Amino acid sequence: MCGIVGLFLKDAKLEPQLGAMLSDMLITMTDRGPDSAGIAIYGGGKDGIGKITVQSAHPEVDFKDLDADLKYAIGQPVLLLVKSTHAVLEVPIDQLEAARSALAHLRPDIKIMSVGDSIEIFKEVGLPKDVARRFEVAKMGGTHGIGHTRMATESAVTTMGAHPFSTGSDQCLVHNGSLSNHNGVRRELKRQGMTFETENDTEVAAAFISHKLKEGDTLGEAMEATLTDLDGFFTFVVGTKNGFGVVRDPIACKPAVMAETDQYVAFGSEYRALVNLPGIEHARVWEPEPATVYFWER
C-alpha cells in the first residue's frame, strides 16, 4: 500500500504554490506509506540551462567544491544549490551528458535523481512531513509535479528505493501496486541498452515507458503499452516535461481519484488528498477507469 499524488496546473497564478499544495496532498497520505517519500517538481527552467539533481549520503564531503570541480571538468560554468542530502546542478543544456559522465568520476558515491530541462526530484527515507520540510518543498514553484509515500513490500527501504523513479530526461514515474513480470522486462530492457540502479519493480515500469518514448511513442502510446506488456496490479502516474498521465491496470484494485477545475487537474490515491485544493467543492471528481489512459500536456 502506497500513496500517490499529482497536480497539473492550468492557472499560472497558482504556480508559486505548487510545492505547498503538493506537500499538503502528500502528507495527507502518510498512513499509506510511512517508509519513505519523494516529490518531482517541474518548473523554473532557464533557456539553454539543464538541471541534474543528485543525492549523497555524505553531502558535506561530496558537495564541497563540486561546482568548481565540475566546471573544470566540462569547461563551462556550473551553479550548485544544496538542499540537505540533495543538490541541484545547473549546467549548459548541451553539456548535460558530459556533466553526468564527469560526476561519475569526480564523485562516484553520488546518486543521480533526475536530469532534464525542468525536473527536480527530492526523495529520502522518512515520513512525508519530514521529507517535505527537509527539502523545503513548500517553497518551490512550478507547473506540475507528482509525489509518492511508500510502504515497502518487495525491496529494501532505501533512498534509491523511494519514488519517483527517473529513467529518462525530464521523465519520472510513481507506482502503487506490484508487478509480477518485472524481472523478465528488466532483462529485455537491459538488452535494449537501459540501465538500472535498483531491483525495484517501479524502476522497471519507469524504464519501460522511457524506452517506449525513446522509440518514438507518444506518452499516451507508451502508457497504453503498460497494459499489455506489464503484468500485475498497478496505478502509475507519469511525469514528463510537458505534463503528466495516469493509468490503472485492467482490474484496478488500487484506489485512485481525480479532480479537474479550470485551474488544475489533480490526482490522489484517496479523495482526502484533494480536499484542501482551491475550488475542490466545484471540481469534476471521478475515479479513473480501469485500463484507460489519462494525460494532460501543454
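Among the residues of segment 211-240, what is the count of those that are surrounded by fewer than 20 Cβ atoms within 10 Å (Cβ to Cβ), under 20 Å from the mean Cα position of the chain (by Cα) and closer than 24 Å to Arg150 by Cα? Residues that pass the stated criteria total 1. A single entry from Met21, Met1 fulfils the requirement of being surrounded by fewer than 17 Cβ atoms within 10 Å (Cβ to Cβ), of a type in the set (A, V, I, L, M) and closer than 30 Å to Thr261 by Cβ: Met1. Here Ala132 passes the criteria (1) open to solvent by less than 10 Å² (accessible area, probe 1.4 Å); (2) closer than 17 Å to Ile4 by Cβ; (3) of a type in the set (A, V, I, L, M, F, W, C) except the one numbered (1).
Taking Asp69, is it surrounded by fewer than 22 Cβ atoms within 10 Å (Cβ to Cβ), modelled with pLDDT of 95 or more and touching a Lys or Arg at 6+ places or on another chain (Cβ under 9 Å)? Spell out the reasoning first.
On the way: surrounded by fewer than 22 Cβ atoms within 10 Å (Cβ to Cβ): yes; modelled with pLDDT of 95 or more: yes; touching a Lys or Arg at 6+ places or on another chain (Cβ under 9 Å): yes.
Here the answer is yes, as Asp69 does meet what is asked.
Against the list (1) farther than 20 Å from Val115 by Cα; (2) under 16 Å from the mean Cα position of the chain (by Cα); (3) of a type in the set (Asp, Glu), the condition Glu203 fails is (1). When segment 195-210 is examined, which residues are found to be surrounded by fewer than 20 Cβ atoms within 10 Å (Cβ to Cβ) and not polar (S, T, N, Q)? Of everything in segment 195-210, those that are surrounded by fewer than 20 Cβ atoms within 10 Å (Cβ to Cβ) and not polar (S, T, N, Q) turn out to be Phe196, Glu197, Glu199. Filtered by the rule that a residue be at positive phi and under 20 Å from the mean Cα position of the chain (by Cα), segment 34-74 gives Gly43, Gly44.
When the strands (runs of 3 or more DSSP E) confined to segment 1-100 are screened for residues that are in contact with a Pro (Cβ under 6 Å, 6 or more places away or on another chain) and not hydroxyl-bearing (Ser, Thr, Tyr), those reaching at least 1 such residues are found at 36-42.
The values are calculated or read from the model by the stated rules, or taken from the named source; none is laboratory data. Keep in mind the model is a prediction, meaning the values are calculated, not measured. Using ideal geometry, Cβ is built from the backbone for each residue, glycine included, and neighbour counts are taken over all protein chains shown. Side chains included, ligands, DNA and RNA excluded: accessible areas come from the protein's heavy atoms. Shrake-Rupley method; radii C 1.70, N 1.55, O 1.52, S 1.80 Å.
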